[in-house]
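Heads up: the structure comes next, in structure tokens.
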Amino acid sequence: MRNIFLTAASISAILLAGCGDKETTSVDTPSDTKVTTVSSVDEKNTAPTPQEAKEFLEAAEKDIEELNAIGARVYWINANFITEDTDWLASKVGADYAKLATRLANEAKRFNGLDLPADMRRKMDGLKRGSEFPAPDKEGAAEKLSKIMTDLNSAYGKGKFKYKSPDPQFAALYENNPDGVLSLGALSDIIAKSRNPEELQTVWAGWREISPPMKKPYTEMVEIINEGSQELGYADAGMLWRGGYDMEGEAFAAEADRLWAQVKPLYDQLHCYVRAELNQEYGDEVVPLDGPMRADILGNMWGQAWGNIYDLVAPEGGGEGVDITALLEAKGYDQKKMVEVGEAFFTSLGFDPLPDTFWERSLITKPRDREVVCHASAWDIDDRDDIRIKMCTKINGEDFSTIHHELGHNIYQRAYKDQPVFYKDGANDGFHEAIGDMIALSITPDYLVEIGLLDKDDVPGADADTALLMRQALDKVAFLPFGLMVDQWRWKVFSGEYSPSEYNSGWWELREKYQGLKPPVERPASAFDPGAKYHIPGNTPYMRYFLAHILQFQFHKAACDMSGYEGPLHRCSVYGNKEVGEKFNAMMEMGSSKPWPDALEAFTGRRDMDGSAVLEYFAPLMTYLEEENKGRTCGW
Ligand code: X8Z
Ligand code: ZN
């Protein structure tokens with residue numbers, strides 16, 4: 001995906017691939033008093049006219065489109081073939097983006113006092129926000145920033161750790177790889193499937209050996225983008241990021257806290273239950289019942305989604321739920337078939353099939369012979385129809401969901417392709433992340449029967465609801481505090497509340513506070529554990545995923561209501577419902593042309609983000625968890 005995106009709605013559109021989408025324009029216009037740059041337009045020193053504003057926006061749009069045409073392709077090639085040369089190219093084009101964003105932000109300020117039509121004002125405000133990673137307007141700053149960002153991204157993509165597992169279940173990881181140098185995909189397989197705490201700890205700590213060298217450049221990057229943000233009129237880069245939600249930055253931070261408070265009781269119950277179950281598996285030494293859990297025993301490299309330990313925490317006597325990995329294997333699915341089935345969901349809603357170029361140009365399996373950024377992403381190369389995904393897909397349930405996630409980005413990108421480049425973006429960045437996830441919530445047992453993955457006789461009855469919900473909660477509920485804490489950390493880094501010497505301890509302070517997790521082993525002084533999570537070196541803001549984990553349930557509920565469905569939300573699938581598809585498209589084709597509450601209202605009828613659909617979806621599980629946790633001391 002992108003490395004650098006300019007926030008100016010459009011600019012970002014450019015570069016960003018689905019995994020990252022840029023933010024929308026903002027009504028939270030910073031004051032211009034701190035701007036030091038004198039643009040060429042300013043030099044004219046004449047009062048601008050609406051006609052000049054119109055011409056400026058037209059020229060800006062053209063400049064952005066021209067750079068996008070090159071930038072998107074350069075980033076694509078860099079992410080698909082990481083070499084010295086493609087890094088050089090990406091770094092060069094990133095600097096061009098940074099300079100363009102800075103220039104346009106400064107020039108747009110000339111029109112501040114002008115009474116403009118709302119649409120033109122929105123575009124101007126978007127341009128004035130510059131980019132999420134703004135370079136200060138001084139010689140060499142854009143180049144330096146872009147090189148740091150490119151190098152961080154590529155360093156993560158090339159990360160490896162040498163580890164030879166004695167466990168025969170991992171023998172396949174060493175075929176054609178006798179040295180045992182493992183990349184993230186293989187290390188993640190071990191974290192997902194090993195039940196040996198020593199092995200888990202070794203692999204967990206081993207992956208984190210990739211990131212200490214990132215700390216110095218990351219620190220330099222923070223200084224540069226803070227300076228750039230100050231020139232744009234923000235106190236620091238965190239204020240700039242929080243200002244991207246059609247409301248004051250302070251109000252947005254409060255919104256995030258409010259949403260978390262709504263869903264936290266559900267997380268607390270899940271944490272309590274999972275800790276008790278893992279205690280039974282591993283004993284008091286590994287999982288003490290009165291403190292945070294070890295982050296390496298939850299089936300995921302970052303402890304952000306826990307579905308891979310379902311077998312350890314499955315509710316007793318509640319049926320098995322549905323194991324999608326087993327179904328995919330049983331029916332002989334390959335990566336292409338998984339993507340085709342994802343596509344078919346969208347076409348069932350009335351969306352056009354993916355273009356031939358999607359199939360010709362996407363990357364859906366991990367290449368053996370070159371370095372690629374494996375972290376899944378979706379791309380919009382020409383701002384129109386050349387949409388693609390890039391994903392080192394594994395044949396399992398987790399990646400089946402991720403395919404829907406990525407296709408959601410592509411479908412959104414195509415839906416807003418007729419918007420001006422300024423508005424080729426999600427209503428807010430959480431919307432972009434929520435589209436495909438909302439579709440994946442419709443992967444119910446009945447739906448699986450309809451597409452031939454599950455036999456009719458194997459549809460679990462109502463007695464399996466707890467099991468079905470447990471599987472979902474392990475991924476979706478467990479994610480919520482992680483989704484929140486990543487940018488709580490970055491905001492504190494940007495504001496200086498965490499100094500470089502506190503980067504790692506601050507990370508763990510928040511991991512414990514929000515997730516109730518701790519490292520399995522004391523962290524060395526050199527550790528930079530945030531750097532071992534893609535979005536930190538990949539420089540992708542993360543609050544979007546927290547918002548998406550709220551919004552996708554809001555969308556799902558609205559869609560189910562629309563379809564006239566009356567049963568429990570977790571059994572609802574809107575597969576094949578054209579009315580839902582039409583309304584979904586109406587929201588998406590707005591892009592970021594209107595404040596996000598307008599888009600939310602277009603689909604759900606309400607204007608605020610709200611966690612009550614999450615609570616409704618998981619209500620039967622909450623009852624179960626509370627019952628199971630009776631007599632236990634919860635919390636950490
Ligand atoms: O990064 C992603 C997507 C691409 S936008 C695969 N996600 C976050 C992550 O992996 O950390 C989706 C869920 C959260
Ligand atoms: Zn995404």
**Message:** Condition (residue is of a type in the set (D, E, K, R), within 16 Å of ligand 2 (Cβ to nearest atom) and in contact (Cβ under 8 Å) with a residue 24 or more places away in the chain) applied to region 483-494: is it met by at least one residue?
**Reply:** yes
**Complete:** For region 509-532, pairs from a residue that is at pLDDT 95 or above to a residue that is assigned to a loop (DSSP other than H, G, I, E, B) and surrounded by fewer than 21 Cβ atoms within 10 Å (Cβ to Cβ), with Cβ under 6 Å and 6 or more apart or across chains, are Glu512/Pro292; Gly516/Pro292; Gly516/Trp636; Leu517/Pro292; Lys518/Pro292
**Fill in**
The lone condition Arg275 fails out of (1) assigned to a loop (DSSP other than H, G, I, E, B); (2) under 28 Å from the mean Cα position of the chain (by Cα) is (1)
**Asked** In region 344-362, how many are more than 13 Å from His409 (Cα to Cα) and within 16 Å of ligand 2 (Cβ to nearest atom)?
**Response** 1
**Prompt:** in contact (Cβ under 8 Å) with a residue 60 or more places away in the chain and over 19 Å from Asp437 (Cα atoms), is that true of Ser592?
**Reply:** yes
**Asked** Does region 312-320 contain any residue that is part of a helix (DSSP H, G or I) and out of contact with any Gly (no Cβ under 8 Å at 6 or more places or on another chain)?
**Response** yes
**Those residues of region 375-390 which are within 19 Å of Met438 (Cβ to Cβ) and either more than 16 Å from ligand 2 (Cβ to nearest atom) or within 15 Å of the chain's Cα centre (by Cα) (or both), in sequence order** = Ala376, Ser377, Ala378, Ile389
**Set Pro481, Pro541, Pro524: member being surrounded by 20 or more Cβ atoms within 10 Å (Cβ to Cβ) and either out of contact with any Asp or Glu (no Cβ under 7 Å at 6 or more places or on another chain) or among the β-branched types (Val, Ile, Thr) (or both)** = Pro481
**Complete:** The one condition Ser505 fails out of (1) surrounded by fewer than 20 Cβ atoms within 10 Å (Cβ to Cβ); (2) within 26 Å of Tyr624 (Cα to Cα) is (2)
**Prompt:** Only one residue in Leu240, Leu173, Leu182 is buried (at least 23 other Cβ atoms within 10 Å of the Cβ) and either over 23 Å from the mean Cα position of the chain (by Cα) or on the phi > 0 side of the Ramachandran plot (or both), so which one is that?
**Reply:** Leu182
**Request:** Sort out for me the helices (runs of 4 or more DSSP H) sitting completely within region 555-636 that have 1 or more residues that are of a type in the set (Lys, Arg).
**Result:** 578-589
**Number of positions in region 72-96 that are assigned to a helix (DSSP H, G or I) and either among the polar types (S, T, N, Q) or in contact with a His (Cβ under 8 Å, 6 or more places away or on another chain) (or both)** = 4
**Asked** assigned to a helix (DSSP H, G or I), farther than 30 Å from Met247 by Cα, charged (D, E, K, R) and under 23 Å from the mean Cα position of the chain (by Cα): does that describe Arg471?
**Response** yes
**Message:** If I filter region 364-374 for residues that are within 16 Å of ligand 2 (Cβ to nearest atom), within 21 Å of Met301 (Cβ to Cβ) and in contact (Cβ under 8 Å) with a residue 24 or more places away in the chain, do I get at least one hit?
**Reply:** yes
**Request:** Could you tell me whether any residue of region 280-288 is in contact with a strand residue (DSSP E or B) (Cβ under 7 Å, 6 or more places away or on another chain), part of a loop (DSSP other than H, G, I, E, B) and either at pLDDT 95 or above or farther than 14 Å from Tyr514 by Cβ (or both)?
**Result:** yes
**Request:** May I ask you to list the residues in region 495-508 that are in contact (Cβ under 8 Å) with a residue 24 or more places away in the chain and part of a loop (DSSP other than H, G, I, E, B)?
**Result:** Gly496
**Message:** So for region 375-386 (the condition being surrounded by fewer than 24 Cβ atoms within 10 Å (Cβ to Cβ), of a type outside the set (S, T, N, Q) and within 13 Å of ligand 1 (Cβ to nearest atom)), does at least one residue qualify?
**Reply:** yes
**Asked** Does region 427-435 contain at least one residue that is within 11 Å of ligand 1 (Cβ to nearest atom), more than 22 Å from Lys336 (Cβ to Cβ) and of a type in the set (D, E, K, R)?
**Response** yes
**Fill in**
Counting only residues in region 387-406 that are among the aliphatic types (A, V, I, L, M) and under 24 Å from Glu589 (Cα atoms), the one farthest from ligand 1 (Cβ to nearest atom) is identified as Ile387
**Request:** Could you tell me whether any residue of region 121-138 is among the aliphatic types (A, V, I, L, M), outside any helix (DSSP H, G or I) and within 26 Å of the chain's Cα centre (by Cα)?
**Result:** yes
**Selection status of Tyr412, away from ligand 2 (no atom under 16 Å from the Cβ) and among the hydroxyl-bearing types (Ser, Thr, Tyr)** = no
**Complete:** If we ask which residues in region 321-343 are in a helix (DSSP H, G or I), out of contact with any helix residue (DSSP H, G or I) (no Cβ under 8 Å at 6 or more places or on another chain) and farther than 27 Å from Tyr412 by Cβ, their number turns out to be 3
**Condition met for Ile64 (surrounded by fewer than 20 Cβ atoms within 10 Å (Cβ to Cβ), of a type in the set (A, V, I, L, M) and in a helix (DSSP H, G or I))** = no
**Asked** Is it the case that region 456-478 has a residue that's within 16 Å of ligand 1 (Cβ to nearest atom), at pLDDT 95 or above and of a type in the set (S, T, N, Q)?
**Response** yes
**Message:** With the structure loaded, tell me whether Ala69 is crowded, with 21+ Cβ neighbours inside 10 Å, part of a helix (DSSP H, G or I) and either aliphatic (A, V, I, L, M) or at pLDDT below 95 (or both) or whether it fails that test.
**Reply:** no
**Request:** Being small (Gly, Ala, Ser), farther than 26 Å from Phe161 by Cα and free of Cβ contacts under 8 Å to residues at least 40 places away in the same chain narrows it down to one of Ala344, Ala330, so name that one.
**Result:** Ala330
**Prompt:** In the list Arg523, Arg511, which residue meets the criterion of being more than 16 Å from ligand 2 (Cβ to nearest atom), over 29 Å from Ala235 (Cα atoms) and touching a Lys or Arg at 6+ places or on another chain (Cβ under 9 Å)?
**Reply:** Arg523
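The values are calculated or read from the model by the stated rules, or taken from the named source; none is laboratory data. This is a predicted model, so every value here is computed, not measured. Here the Cβ is made from the backbone with ideal geometry for all residues, glycine too, and neighbour counts use every protein chain on show.
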